[in-house]
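Okay, so here's the structure we're looking at.
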Amino acid sequence: GGASPLPREIIKWLQSLDLSFIVKNPKRDFSNGFLVAEMLSRYYPKDIDVNTFENGSRLAAKINNWEQIYRFARKHELSISKQEIDPVIHCSENGAVFFLYHLYEILTKRQLRPTPQNKSDDSIPAFMRDTASKRLKTDDIARIQDDVERTIRAIDVLGGYHEERRQQRAVEAPLLIQQERRTKAGIKPEAETSLKEEAPTLEQVSEVRVKALVTGEGGPNRMTSTKPVAGPKITAKTRRAELLKAVCNPASSMPVTALTSGSFVKPAVDIMRPLVLAVIQDEPELEWLHDSGKDVMVMLLEHSREGHKQGVLEQATARAFEALAQRASLLIDTLTKSPQEFWKVWSTLFPAISAFSEASALFDSAVYFFKRLGELMREVDPNLTQQLLIGCALTLLTKELVRSPEKRDCLCDIIYSYCHEDTMNHLLVLKALKDQAQISDNTSVYIACLSSLVSIDDRMNLLDEHLLDLYVYYALVGMQHQQPRVRVSGLAILATLAAGQAPFQTVLALIPQCSALGADDWWEVQAQLLLLSSALLQKILIAEQEGDYVPPIVFDQENTDGYPEEMHPQDALLNIISKIFVVSGSKNVLQVGLSALAPHLSTFPAILPMFVAVLLEQPAEYRTRLLRGPEGDHPDQDTGKKTYVWGNTSRLYEERRVTALWPSLDVAKAVGRQIDASEQPFLGSPGLEVLAAAVPEQCDDIEIDEWVNLFEQVKGSLFHTMLDPDLSTLSGQVIRRFWSCRTEGVSTGTLDASKKPLLQALEEFYGKQSQRPLIDEARFLDFLGSSSEDSAMAKIEIGSALEAFKEVLPQLYRGSGLHRLR
């Protein structure tokens, strides 16, 4: 038997495209993809160039052509998969014909009836039909080099074979039974055509009537009735919906096995087994898993939870999840066709989410696997995927959302990976989450989940008026809650909305309610207020720069904070900041505020004095993270997120390198003013750290005089502390940053201003009359030598100072090691 013939519509369509040669043998002519590229170029003449395709028979040329076509299809959202392409490349039976049907429907937007059918051997005698062994010995399987891929393909072929045999038996069984009865009764067998006419009648027995006969519904009269009763037509969608109901409601009267008997799917366990075995096959310590009677993945999870060989098992399980995530596409067909298999996968593998810490690599791998699974299923059947989430998976996820607050961000990511990416469906999922038994009476958990989900909705730009109203409503509910953690969640929702793409005016109108929380003594409430205020200040500034009107804030006449009835939003927000951002506040709150307020110092200079005072009073570890960042990476890189308090409900807060955000000159001047305001006329370690971070490598010419004047102000303190054993290193860094500045005016000006204080430092160090501890000579000489190497100008000025010291105090000079620097 040859391939299925092309219908007239397809032939006329191909002729109308004026291809470079006539299609005579589709299996051969379409194998290299050249004709397909020509066909696509007729519909997309500007997007596809036929000259980039090779009309050859080499396998490499075929693969290259089809890879270009596949990338083109992905870019233009044409539903062409590699599973359809592969049979065409390798000239599989009817592969090109099936592909042509599909391509015709994609490009012409028309449907063909009937679709081509695979060759059937129903009419072939039983002894001549293919066996399972013969089906497995095809070139399509043998040419696959990847062992795992070949195994999966073999399972697929074997499953199709058994499904085909099952259908054949279902058709032939009534005919064989009738024939056997006629033979035993001595009746001459009817003609073959008569038997075929009777077969459909046997298949049309009403399901409703059968149920009545079995259960006795309707009384004796109905049981003896022979009149068929029309039953509901069961479609694929009906079967899926009923199976979903059966899986999610164990009390359902419909058995799951009855629902799945209509179609054969590869069990997910059989698909995952070779993938997992490929991961652990090189681990000699895990050889015992190969011979265990249970599923390998289940065994890995069970023993990892119990702590047996914890390091090896947990790492192997994490790698297994990574392998499953990479090949998750192999599971999609099974999971979308069988909700029962979907439930099995979730119930089997979800313990990796619930039983392990969020800090473990195994947890991260499992989260990635479930997210990847949802994304791929959503591409194939988004409606079913969302139904499976709501009907099956959401129950497991909700229990963990309630039990493990620290995992909520990851769990919320999983939830949305199974949803349509549009506003209405996200609203449906949020409602389904609210209706879950564990959350319906627990508003605090729901608001905490919303505080995680809102950032995803904002990132997808889905916050229309409906979603925005929902988030704002529950944010207000949370802000008025008795539990401080819930108040934090409510404020976190508003902070995300204010910093995101949603209209900020909705949040701006809630400033009076936020101001009322300014006196809240819970540190995370204060931290969220600072984040919210910072985000709103930025949005107000942008709106005013663009000429948009920002309405004043109207306060209730009964407000107890003494606010006027109307205020400019900036003033109201600055009032909130001034209440919270004070030196005596919580160090955690101040650390959050320093990162959040650094970008606003130029626009709102009133914040600057308190900002510098707070920064100087922060613990050294906290201050260093803000000034230097992680291991001296790029100056504009965020330092990452930190948890300041141990516990499963504390949130992560972003710390940013403030030196990339603040106005360096203004900060340096504020540090200089600390000397005048302090009883001690010298900068301590915090001041020196901040000043060293503030002095730039290069500045604008307009700032040269101001930087030189600042150095004149602090040089006495710098050269005094340079001789101090504890402060010498920091002081030396500040001095050298001034001297080596790439802006010539700053470097020459500060070097010139350093002659006198440097000579005084030399006299104090070598005069041996100082009453305070001093650094040793090696450190002093190292500073002078390193500074001389920074620039030619520094070498000249330091040499000039040493020469002056030699002339004024020659005896001290001869007793020193300064001559080694000449």
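The values are calculated or read from the model by the stated rules, or taken from the named source; none is laboratory data. From a predicted model like this one, the values you see are computed outputs, not experimental measurements. Positions of Cβ are backbone-derived with ideal geometry, glycine not excepted, and every protein chain shown enters the neighbour counts. When the accessible area is computed, the model is the full protein with side chains, heavy atoms only, and any ligands, DNA or RNA have been set aside. Shrake-Rupley method; radii C 1.70, N 1.55, O 1.52, S 1.80 Å.
General remarks:
- Residue within region 498-506 that is touching a residue at least 60 places away in the same chain (Cβ under 8 Å), surrounded by fewer than 20 Cβ atoms within 10 Å (Cβ to Cβ), assigned to a helix (DSSP H, G or I) and not aromatic (Phe, Trp, Tyr) present: no
- Single unsatisfied condition, PHE682 versus (1) outside any loop (DSSP other than H, G, I, E, B); (2) out of contact with any Phe, Trp or Tyr (no Cβ under 7 Å at 6 or more places or on another chain); (3) surrounded by 16 or more Cβ atoms within 10 Å (Cβ to Cβ): (1)
- Matching option when the condition is modelled with pLDDT of 90 or more and among the charged types (D, E, K, R), among ARG737, ARG820, ARG772, ARG814: ARG737
- Check on ARG737, assigned to a helix (DSSP H, G or I), under 43 Å from the mean Cα position of the chain (by Cα) and not hydroxyl-bearing (Ser, Thr, Tyr): yes
- Count of residues meeting criterion [assigned to a loop (DSSP other than H, G, I, E, B), open to solvent by 10 Å² or more (accessible area, probe 1.4 Å) and touching a helix residue (DSSP H, G or I) at 6+ places or on another chain (Cβ under 7 Å)] in region 744-774: 2
- For region 695-712, taking the residues that are crowded, with 16+ Cβ neighbours inside 10 Å and under 20 Å from PHE682 (Cβ atoms), the one that is nearest to the chain's Cα centre (by Cα) is identified as VAL695.
- The residues of region 789-814 that are under 17 Å from GLU697 (Cα atoms) and of a type outside the set (A, V, I, L, M), listed by number, are GLU789, ASP790, SER791.
- Residue in region 669-677 that is surrounded by fewer than 18 Cβ atoms within 10 Å (Cβ to Cβ) and modelled with pLDDT of 85 or more present: yes
- Qualifying residue in region 786-798 (condition: under 51 Å from the mean Cα position of the chain (by Cα) and not in a helix (DSSP H, G or I)): yes
- Filter result for ALA318 (within 20 Å of ASP413 (Cα to Cα), touching a Ser or Thr at 6+ places or on another chain (Cβ under 7 Å), open to solvent by less than 20 Å² (accessible area, probe 1.4 Å) and modelled with pLDDT of 85 or more): yes
- SER685 more than 22 Å from GLU621 (Cα to Cα), out of contact with any Gly (no Cβ under 8 Å at 6 or more places or on another chain) and not β-branched (Val, Ile, Thr): no
- Among the residues making up region 602-626, those that are in a helix (DSSP H, G or I) and either among the β-branched types (Val, Ile, Thr) or farther than 17 Å from GLY672 by Cβ (or both) are ALA606, ILE607, VAL612, VAL614, GLU617, ALA620, GLU621, TYR622, ARG623, THR624, ARG625, LEU626.
- Just one residue in the set ILE48, ILE106 is surrounded by 18 or more Cβ atoms within 10 Å (Cβ to Cβ) and within 36 Å of the chain's Cα centre (by Cα); that residue is ILE48.
- Output for region 7-41, where each listed residue is open to solvent by 10 Å² or more (accessible area, probe 1.4 Å) and outside any helix (DSSP H, G or I): PRO7, LEU17, ASP18, LEU19, SER20, PHE21, ILE22, VAL23, LYS24, ASN25, ASN32
- Boolean, THR398 is surrounded by 20 or more Cβ atoms within 10 Å (Cβ to Cβ), farther than 23 Å from SER79 by Cβ and not aliphatic (A, V, I, L, M): yes
- Residues in region 257-280 that are at pLDDT below 75 and surrounded by fewer than 21 Cβ atoms within 10 Å (Cβ to Cβ): THR257, ALA258, THR260, SER261, GLY262, SER263, PHE264.
- Looking only at region 516-570, and only at residues there that are in contact with a strand residue (DSSP E or B) (Cβ under 8 Å, 6 or more places away or on another chain) and of a type in the set (D, E, K, R), the one that is modelled with the lowest pLDDT: GLU565
- On inspection, LEU574 does not qualify as buried (at least 21 other Cβ atoms within 10 Å of the Cβ) and either assigned to a helix (DSSP H, G or I) or out of contact with any strand residue (DSSP E or B) (no Cβ under 9 Å at 6 or more places or on another chain) (or both).
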